[in-house]
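Trainee: Submitted below is the structure of interest, expressed as structure tokens.
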């Protein structure tokens, strides 16, 4: 295949690999000078044999040493009884022996000075029990000798660099050499991934089956590939995100330089979750994952097919300057399907410039449509296709060109493909094709693939891929966002958090104090003790609220009085309330009365926090009030928030018009709302022990100066 | 291919087709005894030649007569100068001559007594202008002679019945004989459809490229195919729905007997629409289309790939009794992807029964997982696969079996495929597979296809298809729904509608009267004339409202007073209101005062109507009030509504809990709300001239007896 041929061409000019200095770190794994296969075997249908054969077939640029005490040679290669018996230096060991022997073999590798090991063998952490201990033992040995490990329980690794040509895996596929780094948390899926990559001519630079990730994990690779100039696109199949914060940190850096596309598998939590806050009950962990990727510029594919669809476009085409797609087609139906799908993905299919229309009008078949899509009809010649392609690529109102083509009898598909390739060669705009009749157009599609123009069988997947390309271009066009820092009094906050009860909940006053310490304004509040005097004049109007575990909906039971405007009404309201509560059977010991200043009219919002297992803190923003509580108009982000993310969150709620002056309302102070979110984010930085938190409601007015938190619930992790 | 071979086998036993009686109606098109190709040609790369070759290659079971005045023979067949020169009876003419000649040729067909014509030629309605007149001429000739037409501007038709073996198209593909009826409004896409059907071994019974649908349209075919016992599944690619009501009527009947799957292309309305009602502005025409399909049991595919994915499952597998999917796999990752996708589609992947688990436990590889998905791990033998397949098919807690398989080195994929085929042979449950490595498993996948077990490359598309299967089974499990009839006084209603102004809007009183005439309760209302007396005691409380085109938001301007409890407060409120209005500069002539009874506390709902071009009336239901207006919590259905659809609409809004007793609220009378929707539907039946209508708000209480329409806007079509 591609990389082998290239290697053959180059190998004459390569200096002997063994002259290279000893590779260190991950380089021992991916750029070894010599490889040992420990557990190599002559038996057909064994992994030990497949790996050896793959290494040889790929034309590894260095010597390969099989190790097997029971054989003198394997595949015409001299076989050694142990790795220490090999006289030459070895950088990479591929270990395929049964699990009871792996630790011993790895120790020998260490003694031999081998820097990298790919452990294919299974029977470790993935089986639980003793397997966990066995895996820890491997890590200890690796640490002792400084060996970097891939696996155990993996399918192996590939590096298609012609100067290395390493296929240390038991996959049968032979991917083309290219610029994609692909990692998979599923070994079994790895085989399929390599197959599909080969079929679609998606050229790979490196492939890694991550296995149990005892040592090298996906983030180590992401970081390394981020810095590797031979890798232009990183594709990942993930099952677990072990450290979302590290992911956020590393991926944010990598995506500034190259695109990252992820498929994330992971069963939705099926069991019940014990949560007491609104935020907790609204937060599904999938919500968080989604935003995790979005926050750091990672493209998320919804399904495996999409991963490849998006990847093929990203790796081959430049980023567009806008979202305006021009379509050239010779068939109405597929043109409509493409337009539908593009518009559904938020892209534009705008009218062409007058100049383009004029240029086209003279030279297209009669009956052709000059609107976008440009439908040349079935009667179009390949010369007319060429002209339309050139005209659209030259149109300043078009950012992206999609050619949707059905092979009619009278038209040479290969010729059309060649014109597309010519057009793409002289433009900075991304070009992609939908040649729908692959049967007839096989050679045309092959030509396009070889020229790096991605072809799609149906317009919908092409459209979906374009939307990812545009999203990523948009992401890169935006500033990175900044984290805010606030001079919180950490000691004072921790003192308040220490007041949490056995269940972790903070008393109301303490929770309100935490807010104040974070610079978040709260309403003046006090719990009344019998005999307390009314507030002094100047403090009115105030509100009295009954707080009782026995009274769920206090307003309904007459447990709230608002608009108390002076001392007399205060006395009257208080005694009337006691009376009503007594009438419904509440004892005086059952409840407390909270007195609060009455907040100026504003919109009820809710800000919440929920700490999710394996995700960290989610921060929620939404509208408050009963109606909205039912309609769940809330958005989530993973902590920490940048100023840009905070601003985006607020603008993403459906009810935004209620905060921006709808029907003559006074517009709320959204800058202040952003600041609130950033203050909460900073609090969580300081106090990760916070498990859940609701500011519900927070009354947001037209100014931060009069906005107030009215109620807060806050729970910390008490072990 | 399949049907040709079958034909060859059968042809000996077939009686001579020309002995059959003359076919009539659509049968002349699809079951002709003899075919004439008018415009047959010897020129390569012409449609006239391709069609003739296709007819011959498919082995048409009858004589084929080329017609071309310039040739004595074509493709070794004697050629005739005109169709009237053919001595034998002809049932079907395929017309490929340029458009100026089509009418003349069609007339000759009529004179010859030909019952059906497929007109391939273009240059008719699709080009506008004179083309429209040309197409009308064709229709007149067809009517004169009783010819049924397919086209013009189409790709042709196929009937793979071995007793007919008709390929009257210029498509190159050779689909397998089967039980699918496929129609396409796009000719160009037809070629791709036939290609893909062939690749996926989706057996077709008939295929029709509809073209301009001058005579036979998609609904004629839908109706005919619905009655055709050889067709088990109908698949459609649609661009326009010319008569949604006829679609609803015909499809509702057909889907009771066989599934119908549709891809609907159609550009979203990009232009601005002039609408004045809430309902009109909320109704996108796509909303209506979506529910059109859902209302009549038609499955809608979102994209072309999905159309085939769903079709393959529906045509080959029985309907499930429930939505519980059992997964057997030899690989964790793909198992997770499948589970994710199934759960995201609303299906269940439940735990297996204890008995199944016990049966499995003894015989699976160590490390296998007995939860659902059953992960047999890469070490599983094909015998273990067999056992797991049998156990899951026997489990009463599982309705559907999905086998997700990755070919490992040591396992024979074909053997596993055989066990799946055996299992599927003795169960009533649907079975489908995801063999991911098509390369290695090619022969296994072929075996599965031949046995009618659909295979998918990736688990996500398999899951999506299962959800369609389950949706259709659910649909069939529900009663059909009934239309309600109400004894409306049609004359009285029409009298009120006749009061519409030039712009079509009804005066407030007339609109309220229409509601009352439909049995929809409205609040007592009167417009006050200066000097009017207050309402008599017993009528309180009442509300006063300012009605003025100059006062958009009357509450904000003090133009509304509620809770007026006696004559004195009435006088006071009225004069204060006049004062406030004068203060903001309103003249007495600028406004009127509406007095209304104050409705008992209830929930504000909105019921609306919008007549959409090419769709008919949409009926909307949703929550009222400002917040909800912003959040757009509304649902739509196409008129007419059945009782079941009305009930479903109400239950689909996100804010349903607000109507069902959330937080101690009094539950609203939802039966009455259903009745309201049915009454509106019946009104539209009677008065299709209604263009838009909003009951906003309608106050829905805990009883129909106290629920009231407070405001209504109603506009009729005044030409």
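Trainee: Nearest 0.05, what FRET efficiency do residue A:78 and residue A:483 give at R0 = 45 Å with Cβ-Cβ as r?
Mentor: Efficiency for this residue pair is about 0.15.
Trainee: How many angstrom lie between the Cα centre of the range B:150-214 and the Cα centre of the range A:648-705?
Mentor: 58 Å
Trainee: Another one. Efficiency by 1/(1 + (r/R0)^6): what FRET value for residue B:70 and residue A:414, r their Cβ-Cβ distance, R0 = 45 Å, to the nearest 0.05?
Mentor: So the FRET efficiency works out to roughly 0.90.
Trainee: Along Cα→Cβ, 7 Å out, is where each label goes; now give me the distance between the ones at residue B:245 and residue A:584 in nm to one decimal.
Mentor: Using points 7 Å along Cα→Cβ, the separation is 5.3 nm.
Trainee: Okay, moving on. Can you put A:135, B:223, B:502, B:450 in order, fewest other beta carbons within 10 Å first?
Mentor: Listing A:135, B:223, B:502, B:450 from fewest to most nearby Cβ atoms yields B:502, B:450, B:223, A:135.
Trainee: Then there's this: Between copies, how far apart are the residue A:703 label points? List them in nm, one decimal, shortest first, with each point 7 Å from Cα toward Cβ, please?
Mentor: For residue A:703, the other copies' label points sit at 5.1 nm, shortest first.
Trainee: Among bridges DSSP assigns within the protein assembly as shown, what percent are antiparallel (round to 5)?
Mentor: Approximately 50 percent, going by the DSSP bridge assignments.
Trainee: Could I ask something else about it? Roughly what angle does helix B:130-145 make with the longest principal axis of chain B, taking Cα atoms, 0 to 90 degrees, to the nearest 10?
Mentor: Approximately 70 degrees, to the nearest 10.
Trainee: For the range A:544-678, what is the relative contact order in percent, using Cα pairs closer than 8 Å and at least 6 residues apart in sequence?
Mentor: Relative contact order, the range A:544-678: 17 percent.
Trainee: Quote the FRET efficiency, to the nearest 0.05, computed for residue A:509 versus residue B:644 with a Förster distance R0 of 51 Å and r equal to the Cβ-Cβ distance.
Mentor: According to the calculation, E is roughly 0.40.
Trainee: Oh, and also: Once the Cα atoms of helix A:99-112 and of chain A are each reduced to a long axis, what angle between those two axes, in degrees from 0 to 90 to the nearest 10, is obtained?
Mentor: 70 degrees
Trainee: Could you let me know the centre-to-centre spacing of the range B:438-501 and the range B:589-605, using Cα atoms, in angstrom?
Mentor: The range B:438-501 and the range B:589-605 have Cα centres separated by 43 Å.
Trainee: Right, here's the next one. For labels at residue A:353 and residue A:442 in the simple 7 Å Cα→Cβ model, what's the distance in nm?
Mentor: Computed distance between label sites residue A:353 and residue A:442 equals 4.2 nm.
Trainee: For Cα pairs less than 8 Å apart in space and 6+ apart in sequence, what is the mean separation divided by the residue count of chain A, i.e. the relative contact order in percent?
Mentor: 9 percent
Trainee: With a ≥ b ≥ c taken as the square roots of the eigenvalues of the C-alpha gyration tensor of the protein assembly as shown, please select rounded if a/c is under 1.5 and otherwise prolate if a/b is larger than b/c or oblate if it is not?
Mentor: oblate
Trainee: Same structure again: Checking the a/c ratio against 1.5 first, then a/b against b/c, what shape does the Cα gyration tensor give for chain B?
Mentor: It comes out oblate by the Cα gyration axes.
Trainee: Quick one: if you stick a label point 7 Å off each Cα along the C-beta vector at residue B:566 and residue A:492, how many nm between them?
Mentor: 5.7 nm
Trainee: Okay, next question. In nm to one decimal, list the spacings between the residue B:563 label point and its equivalents in the other copies, with label points set 7 Å along Cα to Cβ, shortest first.
Mentor: Between copies, matching label points for residue B:563 lie 0.7 nm apart.
Trainee: Between copies, how far apart are the residue B:541 label points? List them in nm, one decimal, shortest first, with each point 7 Å from Cα toward Cβ, please?
Mentor: Those separations, rounded to one decimal, come out as 1.7 nm.
Trainee: What does the helix-only formula give at 222 nm for chain A: each DSSP H stretch with n ≥ 4 adding -39500 (n - 2.57), the total divided by the residues, and the result rounded to the nearest 500 deg cm²/dmol?
Mentor: Result for chain A, helices only: -11500 deg cm²/dmol.
Trainee: Shielding by partners for B:339-346, please: the mean number of other protein chain Cβ atoms within 10 Å of each residue's Cβ.
Mentor: Mean inter-chain Cβ contacts per residue within 10 Å come to 3.
Trainee: Could you please rank B:342, A:528, placing first whichever residue has the fewest other Cβ atoms within 10 Å of its Cβ?
Mentor: Neighbour counts put them in this order, fewest first: A:528, B:342.
Trainee: Could you give the length gained by full extension between residue A:592 and residue A:613, i.e. 0.36 nm per residue of separation minus their alpha carbon distance, to one decimal place?
Mentor: 4.0 nm is the gain from fully extending residue A:592 to residue A:613.
Trainee: Give the order of B:434, B:562, A:262 when sorted by the count of other beta carbons within 10 angstrom, beginning with the fewest.
Mentor: Ranked by crowding around the Cβ, least crowded first: B:562, A:262, B:434.
Trainee: What do you get for the angle between helix B:438-450 and the principal long axis of chain B? Use alpha-carbon atoms, 0 to 90 degrees, nearest ten.
Mentor: So the inclination is approximately 90 degrees.
Trainee: Same structure, new question: If you count the DSSP beta bridges with both ends in chain B, what percent of them are antiparallel, to the nearest 5?
Mentor: 50 percent
Here, each number is a calculation from the coordinates, and none is a lab measurement. Here the structure is a predicted model, which is why all the values come from computation and not from measurement. No Cβ is skipped: glycine too gets one built from the backbone with ideal geometry, and neighbour counts run over all protein chains shown.
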